[in-house]
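To keep things clear, I will list the structure first and then write my remarks on it.
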């Protein structure tokens, strides 16, 4: 084992946990009127940790410790960068939104950080219990965040729904884990892989399917996607953004590690591959088709994010290295593209108290920057060059075609062209309609920064994807070793 | 490339040609939206630089040497093997020139645009650069990237500045977009399959010449499937029957400049792609599907011409006539011989200039009379003689009158195609009669006949409005009277690029063929 200092390795997690506690304490101690500093405090600590993690990705020691319980490889660090970037963008874009909340708002940032911590644990988990603890930390934080607008019936309803359905999915996941423990006597991924062996028994089949179902819930894979639209619609918009982006990415981090390390090693991989292909195809088709008639921007983005999960699944089917690289690349650009769209949605919903697409009418005139950012983000999600989504989809689908699964790539391409239809319907409303009677809503401050930043990243990576692609390759290769 | 002391030093020529409109676009972004005169001037200057540079490239190109010239290659995405590679040869240079001729004219055809002028010219310049990029790219990935860039500006331009006639502009815009995007989905699958097959020996590549050099890696079965995918993609772009129905609706809904660029150059990307990618890289696939292309092409020529006979709206007449003319390009591609291939490229150039002029003139007529209905117009030659001249030139070029560049192109195509596709060519030549019928009838009804007093208030085109007429009109006649300027260039492209050799091999192969 390499010599390393555990504090340098665990620094980001420790800082995030500490900050979460500190923010909670500040909220309790500082009077209601003086809490404006909490947002900058959160933002700056996230920036600090993000910079450290980026440094760590390139130069830090890579190791695993506690007998492989917690991995600190480039794969995990890559995802930590992603979560931290997503959290930072959510914090930056939610300032005005959170200012409007009731006096309990100090918990918002604290909970956001604890959810981030849970995700970071999930990315690093080398065994199932650690993974589960991280997952629950994230999920429980989200239960509260989703129901944050306690006076709003839809938000409360969403919170309850998420609690019940999330609880059920956790139970299924736990059942799978306990079956695996019963079969192999271990929760460590590496050990499970060797002990589970090449034979597919009914018990191991059941265990794997339960694990997949539990994680499939988090990434809103069809047929476990039904929760997503309602909860995305009801939750406060910044929370929806974080839920759609980061929690999905975290579940993907776990899925890649668990699926590629353990499930792929056993005879399950043959049936599992078929199962995943069918689910991915269904996810892409249903997500995109049901998105077409939506009239609420958050529901539209919810279905679009279901479809995006389908694209990402394609990369898992392709497997290492090219497929995993595709997933990592796409997950990162998905953060920026989606964050841009959600920042605009947050802005509009905060200024106009509406999430209906028709209230985006004439946004081009009322807030040119927001309209341009929304267009760029949606087109990146649709995979139109020169935006980053195109390169991402290219990586994913060329990887899977290389493995001989042409049909799924074909479905993916056709469905992403179908998705252009509903993305353009939003663009149409923004550019074509005059939006008479709606207020001018210029963008300022941190929100403006978020919008410009996400759009620039989306454009720059689309035109010159090499640096991010190299990071993704390094991360994908670290997983195989 | 081999040593080219005179031209290789000009490796930045093409990037500058591409960037000039983009620089103009960035300038416009920072101009206040009230100053529409300045915006138009900046746009025109950007396009003028591009036009001047591409004219220089056209005449500085060394035809004896042939091959790709003015090349620039920068490794772009190493892990995919993508190179930012630019370069032009005798096949792409006419298309580049065409893009800039039409782009420059399109700015002037929109000179009276006052509604949201700033956004209009921003999108128009993005559109023109996107089209230009496809013709100078030597890398399939970059080619595709530029191709898809153009789709979204077109959509936005159609829905905002378009016109609602037989169908609403929203419908027209969406139909156009969906057709092209579904086509490009097929294209993408074909492209990735080709890329993966070519990567079999280690180094992945997207370069056109490398892909063509690795033909031994593509099995005949693979070539047939990959070509079919590309045929669908490029075919729907060049409005191949029966995937043509977006084209008349789209042109009718679009604003003048978009119709000009779309009919003039954008759909030519389909023909260019079929030659550059289909015939060059997948000759066996091309040979296999050629009979089908030839039959569908007859569908284009005759069916679209028949429908054009029955149209009442000027833009629909030209829209269907452009579908009809694309049939000639497809016949030429299906003939798979050097003469016909030369004709195909010449036809794309000739039709582009003609269609752009036609749409520009229709745009002016509509702007002044607020109608495009043939029955409501008449005798316009009395009031607007210059506009009528432009309309006449475009119409006569459209029916292939000798003396226009279109005649040269059609003649070359029939010369090449008659050797291999007798029946289809004869049917295609018959199509000229129908073209003559609907074009002459349209000209007669719109321009001639008794003077109508309701049009007495019209002012003739003047000043900047004359630019499309003068520029495109003179290209039509110069190309028609001195055909060697154009044909010599294309011929050098066909022979030096190896296309002639590929075609010779393919035409001698007795195997294959769908029928």
### Task
Could you tell me the distance between the Cα centroids of segment B:359-398 and segment A:19-53, to the nearest Å?
69 Å
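How shielded is A:377-386 by partner chains, expressed as the average number of their Cβ atoms within 10 Å of its Cβ atoms?
Working: counts 0, 0, 3, 0, 0, 2, 4, 7, 11, 6.
Counting other chains' Cβ atoms within 10 Å and averaging over A:377-386 gives 3.
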### Query
Going by how many other beta carbons lie within 10 Å of each one, how would you line up A:443, B:281, A:190, A:344, fewest first?
A:190, A:443, B:281, A:344
### Message
Using only the alpha-carbon atoms, what does segment B:243-339 span along each of its principal axes? Please give whole angstrom values in decreasing order.
### Response
42, 26, 22
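What order do you get for B:276, B:422 when you list them from fewest to most C-beta neighbours inside 10 Å? Intermediate results must be reported in sequence, preceding the final value.
Details: B:276 25, B:422 10.
Arranged by neighbour count, lowest to highest, B:276, B:422 become B:422, B:276.
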### Task
May I have the convex hull volume per residue, in Å³, for the Cα set of chain A?
127 Å³
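Once the piece of chain linking residue B:422 and residue B:33 is laid out straight, how much longer is it, given 0.36 nm per residue of separation minus the C-alpha distance between them? Provide the component values of the computation, followed by the final result.
Numbers: separation 389, 0.36 × 389 = 140.04 nm, distance 5.72 nm.
Length gained, residue B:422 through residue B:33: 134.3 nm.
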### Message
Could you work out the relative contact order of chain A? I mean the mean sequence separation of Cα pairs under 8 Å and 6+ apart, divided by the number of residues, in percent.
### Response
15 percent
### Query
Under a no-solvent Debye model with one identical scatterer per Cα of segment A:43-104, what's log10 I(q)/I(0) at q = 0.15, 0.23 Å⁻¹?
-0.57, -0.91
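Calculate for the protein assembly as shown the 222 nm mean residue ellipticity that helices alone would give, adding -39,500 (n - 2.57) per DSSP H run of length 4 or more and normalising by residue count, nearest 500 deg cm²/dmol.
Working: 44 runs with 714 residues, N = 996.
Helix-only estimate at 222 nm: -24000 deg cm²/dmol.
Determine the shielding of peptide A:413-419 by partner chains: average, over its residues, the number of Cβ atoms on other chains within 10 angstrom of each Cβ.
Numbers: counts 9, 6, 1, 3, 11, 4, 1.
Taking all residues of A:413-419 together, the mean is 5.
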## Note on the structure
Taking B:388-394, A:445-451, B:327-333 and ranking on average Cβ neighbours within 10 Å, highest first, one gets B:327-333, B:388-394, A:445-451
### Query
What is the Cα centroid distance between segment B:433-486 and segment A:283-310, reported in whole angstrom?
49 Å
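Give me the compactness ratio for the protein assembly as shown, meaning the Cα radius of gyration over 2.2 N^0.38 Å.
Compared with the compact-globule rule of thumb, the protein assembly as shown sits at 0.99.
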### Query
Once label points are set 7 Å from the Cα along Cα→Cβ at both residue B:370 and residue B:482, what is their separation, rounded to one decimal in nm?
4.5 nm
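Quick one: plug the Kirkwood hydrodynamic radius of segment A:128-280 (C-alpha pairs) into Stokes-Einstein at 37 °C, 0.692 mPa s, and report D in µm²/s. Walk me through the numbers on the way to the answer.
Numbers: Rh = 16.0 Å.
Rounded to a whole number, D works out at 205 µm²/s.
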### Task
Give the Cα extents of segment B:287-439 along the principal axes, in whole Å, largest first.
51, 27, 20
### Message
Using all alpha carbons of segment B:59-155, what is the percent of pairwise distances in each 10 Å bin, ordered from the shortest bin to the longest?
### Response
15, 38, 30, 14, 3
## Note on the structure
Most packed first (mean Cβ within 10 Å per residue), the peptides B:185-193, A:375-383, B:300-308 order as A:375-383, B:185-193, B:300-308
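Taking each residue in B:73-83, count the Cβ atoms of any other chain within 10 Å of its Cβ, then average. What number comes out?
For peptide B:73-83, the averaged partner shielding equals 3.
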### Query
How far, in degrees from 0 to 90, does helix B:283-298 lean away from the longest principal axis of the Cα atoms of chain B, to the nearest 10?
30 degrees
#### Entry: Förster-model FRET efficiency, 35 Å R0, residue A:205 and residue B:197, C-beta, rounded to 0.05
0.45
### Folded to 0 to 90 degrees: helix B:466-481 orientation relative to chain B principal axis, Cα
50 degrees
## Note on the structure
Semi-axes a, b, c in Å (a largest) for segment A:123-187, each sqrt of 5 times a Cα gyration tensor eigenvalue, come to 30, 13, 5
### Summary
Scoring segment B:136-200 by relative contact order with C-alpha pairs under 8 Å, at least six apart, yields a percentage of 28 percent
### Task
Compute the semi-axes of the equivalent ellipsoid of segment A:176-229, taking the square root of 5 times each eigenvalue of the Cα gyration tensor, and list them largest first in whole Å.
25, 11, 8
### Task
Please state, as a whole number in µm²/s, the translational diffusion coefficient that the Stokes-Einstein equation yields for chain B at 10 °C and 1.306 mPa s, with Rh defined as the Kirkwood radius across alpha carbon pairs.
70 µm²/s
### Query
How high is the relative contact order of segment B:365-515, in percent, with contacts defined as C-alpha pairs under 8 Å that are six or more residues apart?
36 percent
### Task
Calculate how steeply helix B:117-136 sits against the longest principal axis of the alpha-carbon atoms of chain B, using the helix alpha-carbon long axis, and give the answer as 0 to 90 degrees to the nearest 10.
30 degrees
### Message
Counting other beta carbons within 10 Å of each residue's own, what order do A:49, B:29, A:14 fall into, fewest first?
### Response
B:29, A:14, A:49
#### Entry: Span from the segment B:188-210 Cα centroid across to the segment B:122-146 one, whole angstrom
20 Å
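For segment A:329-481, report the convex hull volume of the alpha-carbon atoms normalised per residue, in Å³, without decimals. Mind showing how you got there, number by number?
Working: hull volume 17.3 nm³, N = 153.
Dividing the Cα hull volume of segment A:329-481 by its residues yields 113 Å³.
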### Query
Arranged from highest to lowest average of other beta-carbon atoms within 10 Å per residue, in what order do the peptides B:246-252, A:295-301, B:97-103, B:77-83 appear?
B:97-103, B:246-252, A:295-301, B:77-83
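Each value in this text was obtained by applying a stated rule to the coordinates, not by laboratory testing. From a predicted model like this one, the values you see are computed outputs, not experimental measurements. A quick note on method: Cβ atoms are made from the backbone with ideal geometry, for glycine too, and the neighbour counts reach across all protein chains shown.
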